[in-house]
Amino acid sequence: MDTRITIEKLVTGGQGLGRLDQKIAFIWGALPGEDVEFRIIKKKKQFVEGVITKVFTSAVYRELPREEHYLICSPWQTIQFAEENTWKIKIAKETYLRLGDLAAPDDLQIFTDGVEYNYRNKLEFSFTTNESGMLSLGFHERGSLWKTVAVPGCALGTNSINTTAPAIVTWLQSQSITSKQMKSVIVRSNQQGQTIAALFLKDRLAFSSFPIRPPEWLGFQIYFSNPLSPASVPTELVYSDGDVTLTDDIDGKKCRYGLLSFFQINVPVFLKAVSDIGTFIEPGSKVVDYYSGVGSIGISIAAKCSELTLVENNNEAAAFAAENITRNGLKTVKVSGLAAEQEAEPITKESVVIIDPPRIGLHKKMVEVLLNKQPRRIIYLSCDLATQARDVRLLTPLYQPVFWKLYNFFPKTPHIEGLIILERRG
């Protein structure tokens with residue numbers, strides 16, 4: 001039975017918050033001020049989580065979603081873009097204050113390039129069968145551990161991804177393979193519209209033929225992936241055809257990366273973040289770039305650096321970083337393959353440190369490294385404001401935030417990227 005509720009606000013996870021029988025209710029697809037009906041998908045002692053089923057009173061900024069499956073991949077498809085950005089600023093300020101005791105500036109800004117759809121340069125699809133019983137791309141349904149919803153593609157993905165992924169499905173249909181025999185397919189694209197892809201199998205399968213790739217589909221791999229793990233990670237390479245690397249232009253530098261390398265999902269917005277970071281790198285600076293990946297931030301500011309160390313402990317990413325240094329003729333840059341918290345030696349009190357960690361934020365030992373070495377400036381770009389707030393709070397005894405900015409890397413979703421520049425006190 002569905003339940004009726006009034007929504008007060010949007011929260012960090014992207015849900016609308018309401019109150020139900022002394023419990024907090026987090027409702028996917030509901031917007032502030034709306035009177036809605038919802039289906040409960042999770043019950044806990046202190047809260048319930050649900051999915052909207054009907055709107056009785058609609059918010060003035062509600063708009064129709066582009067996709068039926070929007071609640072799975074991009075639950076803010078129903079929010080007008082200007083309102084989305086307004087709420088992201090509100091949520092960011094609340095997150096910084098609640099989790100970091102940090103008062104963000106009243107005029108905190110969020111950057112967007114105005115592109116709402118077709119911006120993602122990487123998508124991962126599962127597989128299922130559609131209403132016609134045919135093999136289809138799929139996304140896991142929100143609130144379900146096992147159910148997968150058939151999708152034709154995704155409006156967030158680039159047009160080239162939404163061409164390559166269905167082409168792989170068409171080929172798989174010709175092979176009479178079932179969805180249960182496969183984990184997923186990952187497709188990446190660059191700004192030139194070229195794609196690479198990898199298929200991950202649960203079973204070791206034999207194929208009678210392989211896809212005929214058009215020129216813009218550069219390469220394709222098939223991996224057997226341990227079925228005991230839900231993650232799409234390579235266990236054994238079964239097939240490889242073409243070049244499974246892409247190259248993008250990052251502020252005039254060529255940056256090459258692989259199918260499984262970390263690389264920014266929304267390059268045009270990332271370039272603005274890189275530009276903002278560059279304004280805090282003076283000519284002749286000694287810079288250490290932690291969690292550097294393939295070097296996308298570091299190589300863009302390398303010309304300003306008398307010394308630049310890229311720290312990246314993922315072997316594939318570190319190898320691409322070294323290659324990108326060479327191909328761009330960067331003589332003052334080197335790569336360290338150590339984990340961030342194990343590589344303190346390059347930092348001096350005159351260093352500028354760049355950190356762009358994964359969602360879990362900084363390792364506690366990395367915080368200790370920064371507090372002990374005390375570089376003059378820390379540039380912290382984060383894909384999770386909660387862990388960024390936590391980490392910055394730990395650094396504030398010695399550091400003062402002097403610059404804040406948000407970036408809408410993921411329109412139509414609740415995700416927010418944040419940049420904070422910290423200067424050493426005293």
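Quick one: of the DSSP bridges fully inside the chain, what percent are antiparallel, nearest 5?
Working: 65 of 98 bridges.
The answer is about 65 percent antiparallel.
How much net charge surrounds S126 when only other residues with a Cβ under 14 Å from its Cβ are counted (Lys, Arg +1; Asp, Glu -1)?
Details: positive: R142, K147, K180, K183, K202; negative: E124, E141.
Counting the neighbours of S126, the net charge comes to +3.
Over region 122-247, consider all pairs of different Cα atoms and compute the Kirkwood hydrodynamic radius from their mean reciprocal separation; express it in Å, one decimal.
Numbers: mean 1/r = 0.0678 Å⁻¹.
After inverting the mean inverse Cα-Cα distance, the result is 14.7 Å.
Of the peptides 77-90, 332-345, 373-386, how do they stack up when ordered by the mean number of other Cβ atoms within 10 Å, highest first?
Numbers: 77-90: 18.9, 332-345: 17.4, 373-386: 20.9.
Put in order of decreasing packing, that is 373-386, 77-90, 332-345.
Between Rg and the Kirkwood Rh of the chain, both from Cα atoms, what is the Rg to Rh ratio? Walk me through the numbers on the way to the answer.
On the way: Rg = 22.8 Å, Rh = 23.2 Å.
So for the chain, dividing Rg by the Kirkwood Rh gives 0.98.
Separation between the E423 and W146 pseudo-spin-labels, each 7 Å from Cα along Cα→Cβ, expressed in nm?
5.9 nm
Which order do the peptides 286-298, 203-215 take when ranked by the mean count of other beta-carbon atoms within 10 Å per residue, highest first? It would help to have the intermediate numbers written out before the result.
Working: 286-298: 26.8, 203-215: 11.0.
The packing order, highest mean first, is 286-298, 203-215.
Toward the positive end of the charge dipole of region 122-247, about the Cα centre and with charges on Cβ (Lys, Arg +1; Asp, Glu -1), which of T245, A155, F127 goes farthest?
F127
Specify whether the C-alpha gyration tensor of region 1-52 places it in the rounded, prolate or oblate class, a ≥ b ≥ c being the square roots of the eigenvalues: rounded for a/c under 1.5, otherwise prolate if a/b is larger than b/c and oblate if not.
Working: a/c = 1.40, a/b = 1.18, b/c = 1.19.
Since a/c stays below 1.5, the shape of region 1-52 is classed as rounded.
For region 1-155, rounded, prolate or oblate, judged on the Cα gyration tensor with a ≥ b ≥ c (square roots of eigenvalues), a/c < 1.5 rounded, else prolate if a/b > b/c?
Details: a/c = 1.79, a/b = 1.25, b/c = 1.44.
It is oblate, given that a/c is not under 1.5 and a/b is not larger than b/c.
Under unit Cβ charges (Lys, Arg +1; Asp, Glu -1), what dipole magnitude, rounded to 20 debye, does region 1-62 have relative to its Cα centre?
Values: 11 positive and 7 negative charges, 54 e Å.
It works out to roughly 260 debye.
Ratio of alpha-carbon Rg to the 2.2 N^0.38 Å globular estimate for region 298-426, to two decimals, please. List each step's numbers first, then the result.
On the way: Rg = 15.0 Å, N = 129, 2.2 N^0.38 = 13.9 Å.
For region 298-426, the normalised Cα radius of gyration comes out at 1.08.
On average, how much area does the Cα convex hull of region 241-372 cover when viewed from any direction, in nm²? Before the final figure, lay out each step's value.
Numbers: hull surface 32.5 nm².
Projected area, direction-averaged: 8.1 nm².
Between K23 and K304, what length comes free when the chain is fully extended (0.36 nm per residue of separation minus the Cα-Cα distance, one decimal in nm)? Don't jump to the answer; show the numbers that get you there.
Details: separation 281, 0.36 × 281 = 101.16 nm, distance 5.38 nm.
Net length gain for the segment: 95.8 nm.
What residue among L97, L246, L228 shows peak mean-square fluctuation when the chain is described by a Gaussian network model with Cα springs under 10 Å?
Of L97, L246, L228, the most mobile in the Gaussian network model is L228.
Modelled label-to-label distance, K45 and F403, 7 Å Cα→beta-carbon offset: nm?
Using points 7 Å along Cα→Cβ, the separation is 4.6 nm.
Hey, got the dipole for the chain? About the Cα centre, +1 on K and R Cβ, -1 on D and E Cβ, debye to the nearest 20? Intermediate values should be presented prior to the final figure.
Details: 48 positive and 46 negative charges, 167 e Å.
Computed about the Cα centre, the dipole is about 800 debye.
Anything over 22 Å Cα to Cα? Flag those among K272/K412; K45/K90; K122/K254; K286/K331, in the order listed. Intermediate results must be reported in sequence, preceding the final value.
Values: K272/K412 19 Å; K45/K90 27 Å; K122/K254 19 Å; K286/K331 14 Å.
Distance filter (> 22 Å) returns K45/K90.
At a Cα cut-off below 13 Å, give the aspartates and glutamates reachable from K349, other chains included and same-chain residues fewer than 8 away excluded.
Cα-Cα hits under 13 Å: E423.
Restricting the count to DSSP beta bridges whose residues both fall in region 1-62, what percent are antiparallel, rounded to a multiple of 5?
Within region 1-62, antiparallel bridges account for around 80 percent of the total.
Top mean-square fluctuation among N162, N408, N315, Gaussian network model of the chain, C-alpha springs under 10 Å?
The residue with the greatest mean-square fluctuation here is N315.
Within straight cross-link reach of K180, meaning Cα distance under 14 Å, which aspartates and glutamates are found once same-chain residues fewer than 8 apart are removed?
D203
How do 151-161, 272-282 rank on mean C-beta neighbours within 10 Å, highest first? Spell out each step's value before the answer.
Numbers: 151-161: 20.8, 272-282: 16.6.
Ranked by mean Cβ neighbours within 10 Å, highest first: 151-161, 272-282.
Ranking R142, R425, R19 by Cβ neighbours within 10 Å, fewest first, what do you get? Please report the intermediate quantities before stating the final value.
Details: R142 18, R425 10, R19 13.
The most exposed by this proxy come first: R425, R19, R142.
Using r as the Cβ-Cβ distance of E236 and A319, and R0 as 35 Å, what FRET efficiency do you calculate, to the nearest 0.05? Kindly include the intermediate steps, with their values, before the conclusion.
Values: r = 20 Å, r/R0 = 0.58.
The computed FRET efficiency comes out at 0.95.
Relative contact order (percent) for region 1-62, with alpha-carbon contacts under 8 angstrom and 6 or more residues of separation?
Working: 153 pairs, mean separation 19.2, N = 62.
With pairs under 8 Å counted, the relative contact order is 31 percent.
Read-outs: derived from the displayed coordinates by stated rules, not from any lab. Bear in mind the structure is a predicted one, so any value in this text is a computation, not a measurement. Cβ coordinates were reconstructed from backbone atoms using ideal geometry, including for glycine residues, and neighbour counts include every protein chain displayed.
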